[in-house]
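Notes to accompany the following structure.
The values are calculated or read from the model by the stated rules, or taken from the named source; none is laboratory data. Bear in mind the structure is a predicted one, so any value in this text is a computation, not a measurement. Cβ placement follows ideal geometry from the backbone for every residue including glycine, while neighbour counts extend to all protein chains displayed.
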Amino acid sequence: MAKIDIKSMTPDQLAESLALIGEPKFRAGQIFRWLHQRGAASFDEMSDLSKALREKCNEKYYISSINIKKKLVSTLDGTVKYLYGLGDGNTVEAVRMTYVHGNSLCVSTQVGCRMGCGFCASTMDGLVRPLTAGEMLDEVYTAQRDGAEKISSVVLMGIGEPLDNYDAVLYFLKILSDPGGFGLSLRHVSLSTCGLVDQIDILAEEALPLTLSVSLHAPNDAIRKKIMPVARKWPMDELLAACGRYFARTGRRISFEYALIDGVNDREAHARELGEKLLALKKRGAQCHVNLIPVNTVDGKSHTQSGRAAVARFEGVLSGVGIATTVRRTLGADINAACGQLRRESAG
């Protein structure tokens with residue numbers, strides 16, 4: 001019988017599983033704390049468990065682990081980029097960023113990605129497999145041990161589409177925020193999606209207090225379809241309507257990510273068109289914010305970054321019509337901190 005991934009289990013799931021081998025429910029809390037507070041790598045470390053129980057656990061469960069295969073540290077701002085090695089030989093990336101309010105970690109949710117966005121390095125080799133909740137948690141725990149400072153916020157914006165790995169991501173969020181474990185408030189978590197409308201509606205029903213970040217990257221369907229294949233299934237009107245429903249259900253402001261690509265989506269006319277759509281969303285009661293991102297240069301992609309003047313004009317148009325807008329500060333520029341590139345280099 002295949003062993004069970006114990007780090008991917010919620011306390012309730014663990015209690016139910018332990019009951020099947022004759023163990024009382026309070027043991028679940030002990031084991032959960034060992035895994036998610038103390039970082040136990042083996043059952044033998046769990047000194048307050050009997051030898052018999054540790055042997056039972058070794059027979060029934062396994063504890064996932066990852067290792068740091070490569071680490072790049074920016075000399076400009078201290079941003080750290082990790083290439084993590086998984087148990088099956090695959091790799092993913094995470095990026096630790098330092099802000100005034102604390103340390104934020106950008107985590108991956110899949111090995112590769114099948115969304116096919118035209119400017120993204122993560123999707124160039126397609127989807128290999130989803131990550132487990134335990135592997136995503138390991139990204140956080142490993143970065144925190146390496147940095148010796150608490151990770152105070154998490155963004156699911158690394159390799160992969162989080163809502164294409166919905167169940168594992170949901171378990172990750174529940175375990176990460178459990179007060180008996182790492183205990184990170186979901187108010188300090190952002191989940192980025194390229195716009196899977198059906199999954200956004202499902203996530204809304206969970207009523208989690210996290211921030212939803214929608215990768216929009218275009219003011220209309222014609223442009224969006226050229227750079228984001230997901231737009232062929234979900235038109236912008238349907239996507240924005242789902243965002244409105246998400247806000248109505250959760251009360252959480254929507255963040256729209258917009259990567260500015262020179263000559264593709266960065267003109268003043270594009271900003272005005274985008275502003276009109278988002279104003280209509282605001283009039284329906286939703287709160288929203290636009291995060292402008294100068295697109296990253298990726299080997300094998302033809303897209304180039306918009307100039308500073310174009311970025312400033314775009315921001316000015318949106319702000320001028322009442323849309324809260326910021327330009328994302330570039331971090332880790334000297335280490336290519338955008339996800340996907342380090343993994344591809346290592347595979348080559």
Practice task
Being more than 14 Å from Val95 (Cα to Cα) and either surrounded by 23 or more Cβ atoms within 10 Å (Cβ to Cβ) or at pLDDT 95 or above (or both) is the filter here, so list the residues in the stretch 123-136 that pass it.
Solution key: Leu127, Val128, Arg129, Pro130, Leu131, Thr132, Ala133, Gly134, Glu135
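Does Ile31 fit the bill of being among the β-branched types (Val, Ile, Thr) and either surrounded by fewer than 17 Cβ atoms within 10 Å (Cβ to Cβ) or in the same structural domain as Thr91 (by TED's automatic domain parsing) (or both)? If you could, list the steps in order and put the result at the bottom.
Working: among the β-branched types (Val, Ile, Thr): yes; either surrounded by fewer than 17 Cβ atoms within 10 Å (Cβ to Cβ) or in the same structural domain as Thr91 (by TED's automatic domain parsing) (or both): no.
Against the criterion (among the β-branched types (Val, Ile, Thr) and either surrounded by fewer than 17 Cβ atoms within 10 Å (Cβ to Cβ) or in the same structural domain as Thr91 (by TED's automatic domain parsing) (or both)), Ile31 does not qualify.
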Problem - Number of the exception - Thr75 against (1) under 22 Å from Ser177 (Cα atoms); (2) assigned by TED's automatic domain parsing to the domain that holds Leu176 - result: (1)
Exercise for the section: Would you mind telling me which numbered condition in (1) closer than 28 Å to Glu315 by Cβ; (2) surrounded by fewer than 23 Cβ atoms within 10 Å (Cβ to Cβ); (3) within 17 Å of the chain's Cα centre (by Cα) Lys174 fails? Expected result: (1)
Completion exercise
Within the stretch 44-77, of all residues that are among the hydrophobic types (A, V, I, L, M, F, W, C) and under 29 Å from the mean Cα position of the chain (by Cα), the one surrounded by the most Cβ atoms within 10 Å (Cβ to Cβ) is Ile66
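Yes or no: the stretch 185-198 includes at least one residue that is assigned by TED's automatic domain parsing to the domain that holds Asn265, in contact with a Cys (Cβ under 8 Å, 6 or more places away or on another chain) and surrounded by 16 or more Cβ atoms within 10 Å (Cβ to Cβ). Step through it out loud before you land on a result.
Here is the first cut: in the stretch 185-198, the residues assigned by TED's automatic domain parsing to the domain that holds Asn265 are 185-198.
Filter once more, so that each one left must be in contact with a Cys (Cβ under 8 Å, 6 or more places away or on another chain): 194.
Next, from what is left, pick out any that are surrounded by 16 or more Cβ atoms within 10 Å (Cβ to Cβ): 194.
Yes - at least one qualifying residue is present in the stretch 185-198.
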Completion exercise
Listed by range, strands (runs of 3 or more DSSP E) wholly within the stretch 100-181 having at least 1 residues that are more than 20 Å from Lys7 (Cβ to Cβ) and touching a Lys or Arg at 6+ places or on another chain (Cβ under 7 Å) are 102-106, 127-130
